[in-house]
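Below is one structure, written out as structure tokens; comments come after it.
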Amino acid sequence: MDFVGFLLTQSLNAFSQAAILFFIACGLTLIFGIMRIINFAHGSLFMLGAYVGFSTAAATGSFWLALIVAPIVVGAVGMAFEKLFLSRLYIRGDGGAYLMVTFGLAVIMGETIRLIWGPHPHGISTPDMLRGVVILLDQPFPKYRLFLIVFGLLAALGTWQFLERTRAGLLIRAVSQNAEMVQALGTDVQMVRTCVFGFGCAMAALGGVLAAPMVTAFLGMSASVIIDAFVIVIIGGMGSFLGSIIGSLLVAFAQVFGAYYFPNMALAIMYLLMLVILVVRPGGLLGKEE
Amino acid sequence: MNWKTGFVITAFVACLVPLVSPNYMMTVIIEALIFGLFAMSLDLLVGYTRLYSFGHVAAYGLGAYTSALLLLHFNLPLPIAIILAVAISMAIATPIAWVCTRTHGVSFAMLTLAFAQLGYAILYGFKDFTGGSNGLAGIPRPEGPFGLDFFQSKIGYFYMVLFCLLGSYLLCRALVNSPFGAVLAGIRENEPKTAALGYNTRAYKRIVAIAAYGFGALAGALYAPFAGFASPELFFWLISGTVLIMVIVGGSGTLIGPIIGGVFFLMLENQLSEVTSLWPLIFGSIFIAFVMFAPQGIWGLLTARFTKPPVQPGSDRDGEAARAHS
């Protein structure tokens with residue numbers, strides 16, 4: 001196998017991996033930026049997205065419909081949770097309380113999913129137009145992964161433009177900088193928080209649906225993915241949107257190339273990368289120390 | 001009733017447990033006590049210094065694997081192996097604590113999680129040494145020193161675990177009630193202010209983190225020879241979350257509360273999971289309810305009902321109590 005072709009396919013693999021990771025990490029970091037909450041349940045919301053996506057696809061036969069329904073359902077669940085529980089904890093101002101409530105939610109959701117969908121994994125079939133491979137430099141590469149790269153790129157660009165160009169995006173950035181001031185200027189900060197939490201959860205669900213055709217929807221998927229997402233958000237800097245993109249790429253490349261060159265130490269490489277970055281910059285690459 | 005009377009009565013009653021408990025229950029009881037000790041070690045960080053560690057399982061796993069390796073490779077008497085395991089774990093914890101205590105709050109939680117995950121990854125990386133996903137099996141309980149062998153029976157092991165738990169409780173109690181503990185309370189309430197008073201808060205945090213690792217490692221070191229095996233499950237990050245739940249539900253910042261939380265949750269889990277598969281669901285709901293409505297935990301609720309909350313000189317407990325009620 002020639003080296004350039006190998007490098008190309010492995011890099012494309014890493015990019016498609018980064019796309020999935022980005023969907024989780026970007027929601028996590030936006031939620032952190034605006035609420036100073038580490039959402040432990042984010043992995044479970046990702047998993048819920050995959051399962052809802054499975055049910056939608058199974059009922060309607062359309063993968064594209066699943067891509068629309070799952071984020072809406074999971075986003076609504078997220079907003080309800082924020083309204084019911086998290087919003088009552090803001091006055092306490094204790095970061096640990098959020099960590100723990102969302103951890104409790106993660107436990108409950110994992111169980112609820114097991115009760116509803118059973119312990120067996122559920123696969124979502126890839127839509128017809130994305131089946132098969134394309135040949136790049138004599139190397140076969142799955143079409144679906146190319147689609148992931150394009151979709152992830154569009155989502156990243158879209159979110160970025162949304163945050164930079166729209167009034168709602170302006171509000172989100174303002175709240176993350178100084179919530180009290182925004183409140184004093186007459187904006188319903190609580191509303192912004194609920195919406196951003198819902199948006200973050202919807203993004204995670206989107207990631208879940210996108211991952212399902214490759215890995216199926218299974219009960220352990222939340223645990224593996226939430227740790228990756230934490231690592232990304234910590235590397236990139238908590239609350240930094242650009243940081244979540246950079247972090248996703250770094251982690252995906254570390255995973256893909258680490259698995260190839262050091263199969264035994266692939267996991268350790270990711271954590272070492274994170275430790276080195278944290279020791280040098282405790283707030284992450286683009287974050288500020290809390 | 002002062003605490004010494006209470007302690008002696010509790011210890012006495014606990015010593016009688018093997019007389020009334022059926023033999024099959026003893027396994028669960030011993031595991032519960034070990035978990036109580038583990039939860040208490042985390043309370044040093046969470047309850048007394050407000051450092052939320054999300055990787056405390058590293059202490060447990062470290063202790064378990066060190067004692068397992070010591071027992072498998074060197075023919076050491078069990079108590080010596082456990083003491084050595086704790087010492088080695090604390091030595092390994094020293095650089096970890098040095099790095100982690102550079103931060104606080106969410107960053108601290110994430111850094112401790114990262115170290116725990118690194119440990120988990122290393123277990124898989126050095127398969128020849130750690131057994132990888134198979135873990136280490138057939139860990140013996142060699143007798144000695146001085147011909148001691150009471151811990152080779154299950155009842156005897158119970159007394160050894162009980163002794164370690166009570167001894168650790170006394171040590172931790174002495175630690176948090178000392179001037180050192182008062183500085184920890186200062187860090188918990190307001191770290192910049194404590195630093196401004198001239199205390200090197202990072203050094204204090206480092207020491208308490210190493211101590212917490214030490215007691216956590218003791219729990220792990222007690223568990224591995226009892227179970228007879230050590231698996232990567234002992235390093236799994238969800239255990240960090242579970243033990244944090246036990247600390248909070250039991251009542252953080254009380255030492256006794258987390259012991260109660262750890263012991264009762266493990267026993268409850270054992271009993272309920274036989275009856276219903278819904279246990280994790282119940283567990284999660286109870287936990288959320290406690291965080292939302294009773295952040296002072298079981299022990300906090302009990303003591304608030306029956307006695308006045310203890311106000312310790314030098315600590316800012318009244319401030320905290322006032323906030324909890326507002």
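Odds and ends about this structure:
- Using a Förster distance of 22 Å, the FRET efficiency for B:Ala137-B:Phe74 (Cβ separation, nearest 0.05): 0.80
- When B:Val13, A:Val189, B:Val291 are sorted by how many other C-beta atoms sit within 10 angstrom of their C-beta, beginning with the fewest, the order is B:Val13, A:Val189, B:Val291.
- Calculated over segment B:1-108: convex hull of Cα atoms, volume per residue (Å³): 151
- Seen from all directions on average, segment A:1-140 presents a Cα convex hull projection of 11.0 nm².
- Among the residues of B:96-104, the average count of other protein chain beta-carbon atoms within 10 Å of the residue beta-carbon is 2.
- Protection-proxy order for peptides A:170-180, B:279-289, each taking the mean of Cβ atoms within 10 Å per residue, highest first: B:279-289, A:170-180
- Working from Cα pairs under 8 Å separated by at least six residues, relative contact order for segment A:1-134 is 29 percent.
- Charge context of A:Ile34, other residues only, Cβ under 12 angstrom, K/R +1, D/E -1: +2
- log10 of Debye I(q)/I(0), alpha-carbon scatterers only, for chain B at 0.15 Å⁻¹: -1.31
- Normalised by the number of residues in chain A, the mean separation of alpha-carbon contacts (under 8 Å, six or more apart) gives a relative contact order of 35 percent.
- Summing charges over neighbours of B:Ser231, with a neighbour being any other residue whose Cβ is under 15 Å away from its Cβ, gives -1 when K and R count +1 and D and E count -1.
- Total charge dipole magnitude, chain A, about the Cα centre, Cβ charges on Lys, Arg, Asp, Glu only, Debye to nearest 20: 340
- Protection proxy ranking, highest mean first, for peptides A:34-47, A:54-67, B:188-201: A:34-47, A:54-67, B:188-201, where packing is the per-residue count of other beta-carbon atoms within 10 Å, averaged.
- Viscosity 1.567 mPa s, 4 °C: Kirkwood-radius Stokes-Einstein D of the protein assembly as shown over Cα pairs, µm²/s: 51
- Judged by the mean number of other Cβ atoms found within 10 Å, the most tightly packed of the peptides B:15-25, A:155-165, A:197-207 leads the ranking A:197-207, A:155-165, B:15-25.
- Cα shape, segment A:121-253, gyration tensor, a/c 1.5 rule: prolate
- In degrees, nearest ten, helix A:143-165 long axis to first principal axis of chain A (Cα): 20
- Calculated diffusion of segment B:171-259, Stokes-Einstein form, Kirkwood radius summed over Cα pairs, 20 °C and 1.002 mPa s, µm²/s: 143
- Inter-chain Cβ neighbour count for A:278-285, averaged per residue, equals 3 (cutoff 10 Å, partner chain atoms only).
- For chain A, the equivalent ellipsoid built from the Cα gyration tensor has semi-axes of 30, 23, 18 Å, listed from largest to smallest.
- Relative contact order of segment A:202-290, taken over Cα pairs closer than 8 Å and 6 or more residues apart, is 30 percent.
- Charge dipole of segment B:1-154 (Cα centre as origin; +1 on each Lys and Arg Cβ, -1 on each Asp and Glu Cβ, all else neutral): 260 debye, rounded to the nearest 20.
- Counting neighbouring beta carbons within 10 Å and listing from fewest to most, the residues A:Ile113, A:Ile246, A:Ile91 come out as A:Ile91, A:Ile246, A:Ile113.
Laboratory data are not the source of any read-out in this text; all were calculated from the coordinates shown. Quantities reported herein were computed from a predicted structural model and do not represent experimental measurements. Backbone-built Cβ (ideal geometry, glycine too); neighbour counts: all protein chains shown.
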